[in-house]
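Note sheet for the following structure.
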Amino acid sequence: MALAFCGLDLAHPIVNGSGTYDAIAARRAFGDALLEAFPFSAFVSKTITLKPRDGNPPPRLFETPAGMINSIGLPNKGLEGYLAHDLPELARLPVPLITNVMGSTADEIAQLVEAVDARAEIDAIELNVSCPNVKTGLDIGADPRELAAVVARVRPLTAKPLIVKLTPNASDVPAAAQAAEDAGADAVSLINTLRAFAPHPRIRTRPPRPWLGGGTGGMSGPAVRAVALAQVRAVAERVSVPIVGMGGVANGHHAAQLLDAGATVVAVGTESFRDPAAGTRIQRELHDLFAKSGNIAQTVRDV
Ligand SMILES: Cc1cc2nc3c(=O)[nH]c(=O)nc-3n(C[C@H](O)[C@H](O)[C@H](O)COP(=O)(O)O)c2cc1C
């Protein structure tokens, strides 16, 4: 199942979704055994921002039918903290390292990309464009013109593969994907979490009091899988760059469905909270599906 993705050699198509697998904590818990059987073929870091962030006040999670809403709020050590403390540890992982960055202006994103570009330990950059524009309140990635301007600004700053992680909270996701490709993105990834709201479960008010400390949050897990399939399929019809598909993948069959919809690589997110070895299991299940039929389409007919 080995493949080339944006010039990176991947042993199989399963990676992690940004922010859903703490490889440093896992290494502490499982020791070198983690390095011998790392669950993913590349590691995607949690989003880093220019300055350190504390994240949102608690509560930060709300369980929904077949999914969850998180309002973690991107806590991170900031660029300097990441480069000084996390990067040396992540560089020891036995797989390529993709660093995910987010900024609220094109200048901020450019500073992040330049700094990340200077580090040889990092193999690729993922731009998280689900950050609200301070003026409009819309995600930067929701407006194809604004997204194109951001990607065009940072593209000349790095020769590393540039993956644009699209926001699903947009009226025309394929148009955003196309804008990213035209501006020089090497790949797109989707879906990020869907904006969602959880009213306080015990206190009823009008308007409703939010349960989550951040007010609203992002929905993920099995409940968003059908949305991910629709968006990946629509984006695949529009762009020719490779796609990292994710959203609610919990087994090999779900991964195969995203590959059939047009993804080249599949990321596992929420499922890793339930089963920290999900990446390994899903990769094995996908392998078994492929082995049965030899190609993806045949696999689907066999199901
Ligand atoms: C707790 C949590 C934290 C996340 N943190 C990030 C993040 O830091 N950066 C990012 O781009 N996406 C982040 N995501 C989104 C995931 O990478 C993924 O796009 C999304 O959860 C859909 O996949 P899933 O349904 O398999 O979880 C986060 C998701 C969850 C559930």
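We did not get these values from a lab; they are worked out from the coordinates using the rules stated. Since the model is a prediction, treat every value here as computed from it, not as a measurement. Positions of Cβ are backbone-derived with ideal geometry, glycine not excepted, and every protein chain shown enters the neighbour counts.
By the count of neighbouring beta-carbon atoms within 10 Å, fewest first, MET1, MET246, MET102 end up ordered MET1, MET102, MET246.
Between ASP107 and ASP182, the simple spin-label model (points 7 angstrom out along Cα→Cβ) gives 2.7 nm. Dividing the helix sum by the residues of the chain, where each DSSP H run of 4 or more adds -39500 (n - 2.57), gives a mean residue ellipticity at 222 nm of -9500 deg cm²/dmol. Entry note, region 184-303: relative contact order of 23 percent, from Cα contacts under 8 Å with a spacing of 6+ residues. Near the amide H of ASP9, within less than 5 Å, lie no amide hydrogens of residues on another chain or at least 5 residues away, with H placed in the peptide plane.
Of interest is the spacing of the C-alpha centroids, which for region 209-239 and region 109-183 amounts to 18 Å. Label-to-label distance, ARG204 versus ARG155, with points set 7 angstrom from Cα along the beta-carbon direction: 5.4 nm. For region 44-52, 3J(HN,Hα) computed residue by residue from phi via the Karplus equation (6.51, -1.76, 1.60; θ = phi - 60°) reads 9, 5, 5, 4, 10, 10, 4, 9, x Hz, glycine and proline entered as x. Per residue, the average separation of C-alpha pairs within less than 8 Å and at least 6 apart gives the chain a relative contact order of 18 percent. Put in order of Cβ neighbour count within 10 Å, fewest first, the listed residues THR64, THR49 become THR64, THR49. If R0 equals 45 Å, the separation of the Cβ atoms of GLU237 and GLU121 corresponds to a calculated FRET efficiency of about 0.80. Distances between placed amide hydrogens fall under 5 Å for VAL129 paired with LYS165, all partners being 5 or more residues away or on another chain.
Sorting ARG28, ARG155, ARG225 by the number of Cβ atoms found within 10 Å of their own Cβ, with the fewest placed first, yields ARG28, ARG155, ARG225. Amide H contacts of ASP139 (H built 1.01 Å from N, in plane; Pro and chain starts excluded): ASN133 sit under 5 Å, all sequence-distant by 5 or more or on other chains. Note that region 160-168 has calculated 3J(HN,Hα) couplings of 6, x, 10, 9, 9, 8, 5, 8, x Hz, one per residue in order, obtained from phi through the Karplus relation 6.51 cos²θ - 1.76 cosθ + 1.60 (θ = phi - 60°); glycine and proline are x. Label separation (THR64 vs ARG195): 1.3 nm, computed from points 7 Å beyond Cα along the C-beta direction.
The 3J(HN,Hα) values that the Karplus relation (6.51, -1.76, 1.60; θ = phi - 60°) gives for region 30-35 are, in residue order, 9, x, 5, 4, 5, 6 Hz. Gly and Pro appear as x.
Where in region 9-26 is the amide nitrogen less than 14 Å from a point lying 7 Å along the Cα-to-Cβ axis of THR280? Once the point is set 7 Å along Cα→Cβ of THR280, 26 turn out to lie under 14 Å by backbone N, inside region 9-26.
For the chain, give the share of DSSP beta bridges that are antiparallel, in percent and rounded to the nearest 5; count only bridges with both residues there. That works out to approximately 45 percent antiparallel. Each residue of region 192-303 gets 133 Å³ once the volume of the Cα convex hull is shared out per residue. Non-local lysine pairs in the chain, meaning eight or more places apart or on different chains, with alpha-carbon distances under 25 Å, amount to 10.
Cα extents for the chain along the principal axes, largest to smallest and rounded to whole angstrom: 54, 47, 43.
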